[in-house]
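Each remark here refers to the structure printed beneath this line.
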Number of protein chains: 2
Amino acid sequence: MSAALHPRGVFCAALTPLGEDLAPDHARFTAHCRRLLEEGCDGIALLGTTGEANSFSTGERQALLEAAVAAGIAPERLLPGTGVAALTETVALTRHALSLGVTTVVMLPPFYYKGVSDDGVFASYAEVIERVADPRLRVVLYHIPQFSAVPLTFPVIERLRERFPGTFTGIKDSAGDLAHMEALVERFPGLAVLAGADPLMLPLLRRGGAGCITATSNLVAADLAFVFRHFSDPARAAEVEAAQARVVAARNQASRFAQMASLKTLLAARLDDAGWTRMRPPMLPLPAEEAAALLAP
Amino acid sequence: MSAALHPRGVFCAALTPLGEDLAPDHARFTAHCRRLLEEGCDGIALLGTTGEANSFSTGERQALLEAAVAAGIAPERLLPGTGVAALTETVALTRHALSLGVTTVVMLPPFYYKGVSDDGVFASYAEVIERVADPRLRVVLYHIPQFSAVPLTFPVIERLRERFPGTFTGIKDSAGDLAHMEALVERFPGLAVLAGADPLMLPLLRRGGAGCITATSNLVAADLAFVFRHFSDPARAAEVEAAQARVVAARNQASRFAQMASLKTLLAARLDDAGWTRMRPPMLPLPAEEAAALLAP
């Protein structure tokens, strides 16, 4: 059963490097994607929360995805976020991905209106699927109530999977609650449940989860990939434990100050490329004193 | 002092009628705008929360504003919402409004990321103003934490007004707390504080407020306009009280079920035009039984 889950593996919620004009820097980005795949990521979940996607225009998002494909990254390894507040823009972004051969997308619910009914959330996704009308499409639902403020309830997931068999194949659960992820695995056999927090991938895999889409993998992709590939091998238990410990340590380090800015700071230091620290408002780079504390040996 | 406030008066947070394809219906919309102005509104705050703006694409928003201008509605009476999640789209929408001669806009802070610092909110607005770079621009800040989840704090307002004198002339306060509106009036002389809730316009005017941008004015524009024009005239006190009572009653009626859907249902009934009830997901029309209860005599 588990082998049929889609998507399955370690996917990096890729950071988006910016140029001096605070626009996505395509060259730095595609180099980062290649590095992540070389380190063992199964794919790149670009244009998500960690990637500052909702601070970019539709055109900027499309151009970044085109750049990744043009750089030779296999479309089946790209999982772009295409869910935005406006129904018609979600449709446009999803169609655009499909036009590039990118068939699996991560889709937020519309996130401006709050207190939306389950009927409203269902109708939003249903309307998108019907308008896109492409049987190739595979959607990873995106449950991240701390940002979207629109949780994806079990009844909504159930209705969507019943109404569109084969379309809603996965869910990224970024709420940070392992029990919720486990409940998803139990309630929806065949649904690929992906942890949104790096330390939780391992316990979730042990319960039948499909992997992760996470932020710290920008830094520790090799360790996460190792955990994913060997977690069930008793002969590698000690190595898995050591890799998991490094993942947890990296996550804790990146959570001491603002997470996304911290990840960019740490990556900039590793690559010796100060340009990587830029962020687009409302996100800001770490203040100098925090950056210094973060990077202190 | 009060006469110099800008904007000042009764502005309708206009509903957006939709066609069968759930796209904005320009003909119904411009007819609605004309009716609102005839009923006494000083202007139309289109493309706001009540207008479902964040469910429309950038192109749909621009087309609706163009339709209003093309229909002969004076640009100085139009206050479109131009603040979205993506910095570059906020810039594009604001520039587009200016290109049509529409110089006063209502601007949400970027609303995807939560827990954003004051520095981040300030940087967002500052970057927009610097990129738009048009001295004609007048911005009404939009404080609606129950939807944006990004409150506009007093220090941010102060910094923006100091850094861009003459640009941030107003604030729409939709948090529903009269004490907060009064505190804004007191703290920022010269700032046009506009109530986001119809019943609160009158008490706010008595404390030096500038008027309102409200949803119920889609139904009771004449009464609100009467209250605005005569609230300080002792000879009209009884009439003002009666008009205010009708405003409060309409607001209460529209708040019994989902507010935006209720307003569309009530307007559809008044105009005998069922097409007015359509909403774009995630918003949905009232269920039939709620609509019947709402319209029961």
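Return the ratio Rg/(2.2 N^0.38 Å) for chain A, where Rg is computed over Cα atoms only.
Numbers: Rg = 18.1 Å, N = 297, 2.2 N^0.38 = 19.1 Å.
Computed over Cα atoms of chain A, the ratio equals 0.95.
Can you flag which of A:K114/A:K264; A:K172/B:K114; A:K114/B:K172; A:K264/B:K114 are past 26 Å Cα-Cα?
Numbers: A:K114/A:K264 30 Å; A:K172/B:K114 19 Å; A:K114/B:K172 19 Å; A:K264/B:K114 19 Å.
Correct reply: A:K114/A:K264.
Give me B:D223, B:D118, B:D272 sorted ascending by neighbouring Cβ count inside 10 Å, so fewest comes first.
By the 10 Å Cβ count, ascending, the order reads B:D272, B:D118, B:D223.
Once you sort the root eigenvalues of the Cα gyration tensor of region A:108-205 as a ≥ b ≥ c, which label holds: rounded (a/c under 1.5), prolate (a/b larger than b/c) or oblate (the other case)?
Details: a/c = 1.90, a/b = 1.30, b/c = 1.46.
Oblate.
Would you mind giving the mean number of other chain beta-carbons within 10 Å of the Cβ of each residue in B:122-129, as a whole number?
Values: counts 3, 6, 6, 2, 1, 4, 1, 0.
Whole-number average of other-chain Cβ neighbours for B:122-129 is 3.
Across peptide A:48-58, what mean number of C-beta atoms from other chains lies inside 10 Å of a residue's C-beta? The partial results should precede the final answer.
Details: counts 0, 2, 0, 0, 4, 3, 7, 10, 5, 10, 6.
Mean shielding by partner chains, rounded to a whole number: 4.
When B:S124, A:S99, B:S262 are ordered from fewest to most other Cβ atoms inside 10 Å of their Cβ, what list results? Could you put the intermediate results ahead of the total?
Numbers: B:S124 27, A:S99 12, B:S262 23.
So the ranking, lowest neighbour count to highest, is A:S99, B:S262, B:S124.
Specify the inter-centroid distance of region A:35-113 and region B:242-297, based on alpha-carbon positions, in whole Å.
38
Summing +1 for each Lys or Arg and -1 for each Asp or Glu, what net charge is found among the other residues whose Cβ lies under 9 Å from the Cβ of A:A225?
Numbers: positive: A:R229; negative: A:E39, A:D42, A:D223.
It works out to a net charge of -2.
Using only alpha carbon pairs under 8 Å that are at least six residues apart, calculate the relative contact order of region A:61-171 and give it in whole percent. Mind showing how you got there, number by number?
Numbers: 153 pairs, mean separation 27.5, N = 111.
The normalised contact order for region A:61-171 reaches 25 percent.
Report, as an integer, the average count of C-beta atoms from other chains found within 10 Å of each Cβ along A:82-92.
What the average comes to for A:82-92 is 6.
If you take the alpha carbon radius of gyration of region B:18-69 and divide it by 2.2 N^0.38 Å, what ratio comes out, to two decimals?
Details: Rg = 10.9 Å, N = 52, 2.2 N^0.38 = 9.9 Å.
Relative to the rule-of-thumb radius for its length, region B:18-69 sits at 1.11.
Given bins 10 angstrom wide, list per bin the percent of all Cα-Cα distances in region B:196-261, short to long.
Going from the shortest bin to the longest, the percentages are 23, 55, 19, 3.
Find the Rg to Rh ratio for the protein assembly as shown, where Rh is the Kirkwood radius over alpha-carbon pairs and Rg uses the same atoms. Walk me through the intermediate numbers first.
Values: Rg = 25.1 Å, Rh = 25.2 Å.
Using only Cα positions, Rg/Rh for the protein assembly as shown is 1.00.
Please identify the helices of chain B, taking whole runs of DSSP H, that span at least 15 Å along their own axis as judged from the Cα atoms and have a mean Kyte-Doolittle score of 0.5 or higher. Could you put the intermediate results ahead of the total?
On the way: long enough: B:26-38 (18 Å, -0.58); B:58-70 (18 Å, 0.22); B:87-99 (18 Å, 0.39); B:118-132 (21 Å, 0.17); B:217-230 (20 Å, 0.82); B:237-254 (25 Å, 0.03); B:259-271 (18 Å, 0.70).
In chain B, the long hydrophobic H runs are B:217-230, B:259-271.
Compute the relative contact order of chain A as a whole-number percentage, counting only Cα pairs closer than 8 Å that sit 6 or more residues apart in sequence.
On the way: 552 pairs, mean separation 58.2, N = 297.
Here the relative contact order equals 20 percent.
We did not get these values from a lab; they are worked out from the coordinates using the rules stated. This is a predicted model, so every value here is computed, not measured. As a convention, Cβ positions derive from the backbone with ideal geometry for all residues, glycine included, and neighbour counts pool all protein chains shown.
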